[in-house]
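One structure below.
The values are calculated or read from the model by the stated rules, or taken from the named source; none is laboratory data. All values reported here derive from a predicted model rather than from experimental measurement. When we count neighbours, we look across all protein chains shown, and the Cβ atoms used for this are built from the backbone with ideal geometry, even at glycine. Only protein heavy atoms, including side chains, enter the accessible area calculation; ligands, DNA and RNA are left aside. Shrake-Rupley method; radii C 1.70, N 1.55, O 1.52, S 1.80 Å.
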Amino acid sequence: MTSYYFDNNATTRVLPEVLHAMLPWFSEHYGNASSSHQFGQFAKEALMTARGAVAKFLHASSAEIVFTSGATESNHMAIMSALAMHPTRRRIVTSTVEHSSTLRLLDELAKTGVEVIQIPVNAKGELNLAQLKTAVTEDTALVTLMHANNETGVIFPIAEVASIAHKKGVLFHTDAAQSAGKLALDVTQLACDFLSFSGHKLHAPKGIGVLFVKKGITAKPLIYGHQERNRRGGTENQTGIIGLGVACQLAQLAISNANSTIANLRNEIEQSMLNMLPFVSVNGAEPRVPNTTNLCFTGLHGEELLHKLNKAGVMASLGSACTAGDTNPSHVLLAMGINREDALSSLRLSLSKETTADDVKKLVSILTQIATEMRSPVTA
Ligand code: PMP
């Protein structure tokens, strides 16, 4: 059976060029970059090149890049670093729709006395900036906010929020796991002090990620060791870093062309669904990343829809992969004021530059047929 993969916000396929660049680093060039012999030095030089490519991708400098295991770790490191930098400031400002990797850590920190303020969003998924402005006080250690939402694709006005934080002398972190590879990222324009992302969301392998730490800011290690300028210990994930360097180069080269094609395909899915199925609506409003749509199929049981799609070869999701298996409605959709039933009837479809017009045609035909049958089951 042919598979149609529409779950690229969960993870993407490693591109052949990325895999090709990584392969020699498994068993040919297997030196440890900390070793002083030839093999080690060869590995070290390749790490420097990859770090340079990642830095260029963010318009940062190489010294500002810390390689981690992924965005979860990077988010943790940014939050813990901000608290360590300002031991007397015990407030963190965030939103109600952050990824669980941020919210779960903040829940734990709240138990230790950290005051966590979650700024609400409206029905379109837009952040309440007026509330954010009043929540950011001199005793705030960090404002941490995602760049693009993993479930709806809605983009937050990061530069504006960073400026609000900086006016109060507060550090700003953005979780760019869902914008890296989808939007051009420039840490100076975004004005962030920390920025996180994961390789596997932009066609690099799983288990490699980045924390950008602005020059002059002291990152607190979560794992101690001499690597990454004493900021993240442990032998470097050499193959992952090489792969990430290439993936960043490819993403940067292709971003504007690929994105208009992806947006057209995404819009085609939305328009077809809205035209053909009167019970469908779109969750989340522009600005959104070009690859994501979150569709509510009012009256349908989302889990059942997902299961039927899977049987027909279509891979999608109800929300974040990190909460899959959870029968509770998405916290993101609930935060947007969507009722429980509609939240449980919503489906996320996420495309990549590998998604073809044929895939979209097939998806539209399968989805329309399944949803129509589910709405009006044939009774014998
Ligand atoms: N933040 C966001 C917005 C995400 O979508 C994800 C991945 N679903 C993460 C953080 C965590 O990334 P990882 O699981 O690669 O650490």
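The figures follow:
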{"read-out": "Rounded percent of accessible protein surface that carbon and sulfur make up, the chain, 1.4 Å probe", "value": "55"}
{"read-out": "The chain, Cα convex hull volume normalised per residue, Å³", "value": "137"}
{"read-out": "Computed lengthening from His166 to Phe39, 0.36 nm per intervening residue step minus Cα-Cα distance", "value": "41.3 nm"}
{"read-out": "Accessible area in square angstrom per residue, region 157-236, 1.4 angstrom probe", "value": "38"}
{"read-out": "Loop sites in region 180-218: trypsin sites (Lys or Arg not before Pro), DSSP, at most 12 other Cβ within 10 Å", "value": "Lys215"}
{"read-out": "Cα-centre dipole for region 188-255 with unit charges at Cβ (Lys and Arg positive, Asp and Glu negative), debye to 20", "value": "140"}
{"read-out": "Amide hydrogen neighbours beyond the local backbone of Tyr4, cut-off 5 Å, H modeled", "value": "Val314, Met315"}
{"read-out": "Charge dipole (debye, nearest 20) of region 19-124; +1 at Cβ of Lys and Arg, -1 at Cβ of Asp and Glu", "value": "300"}
{"read-out": "Total charge dipole magnitude, region 16-251, about the Cα centre, Cβ charges on Lys, Arg, Asp, Glu only, Debye to nearest 20", "value": "360"}
{"read-out": "Burial order of peptide ranges 227-240, 133-146, 102-115 (average beta-carbon count within 10 Å, highest first)", "value": "133-146, 227-240, 102-115"}
{"read-out": "Highest-first arrangement of 62-69, 274-281, 26-33, where packing means the average Cβ count within 10 Å", "value": "62-69, 274-281, 26-33"}
{"read-out": "Candidate aspartates and glutamates - alpha carbon under 18 Å from Lys168, same-chain residues fewer than 8 apart omitted", "value": "Glu115, Glu138, Asp139, Glu160, Asp193"}
{"read-out": "Alpha-carbon spread of region 221-355, three principal axes, descending order, Å", "value": "58, 35, 31"}
{"read-out": "Calculated [θ] (222 nm, deg cm²/dmol) that DSSP helices of n ≥ 4 give over the chain, each run adding -39,500 (n - 2.57)", "value": "-13000 deg cm²/dmol"}
{"read-out": "Label-to-label distance, nm, for residues given as Lys56 and Asn122 (7 Å Cα→Cβ offset)", "value": "4.2"}
{"read-out": "Farthest toward positive dipole pole in the chain [+1 Lys/Arg, -1 Asp/Glu at C-beta], among Val154, Gln238, Met276", "value": "Gln238"}
{"read-out": "Alpha-carbon centroid distance for the pair region 336-367 / region 139-213, whole angstrom", "value": "25"}
{"read-out": "Accessible area of region 275-380 divided out per residue, in Å², using a probe of 1.4 angstrom", "value": "47"}
{"read-out": "Leu334 versus His29: modelled label distance in nm, points set 7 Å from Cα along the beta carbon direction", "value": "4.9"}
{"read-out": "Percent antiparallel among DSSP beta bridges (both partners in region 16-251, rounded to 5)", "value": "40"}
{"read-out": "Rounded if a/c under 1.5, otherwise prolate or oblate - region 37-147, Cα gyration tensor axes", "value": "prolate"}
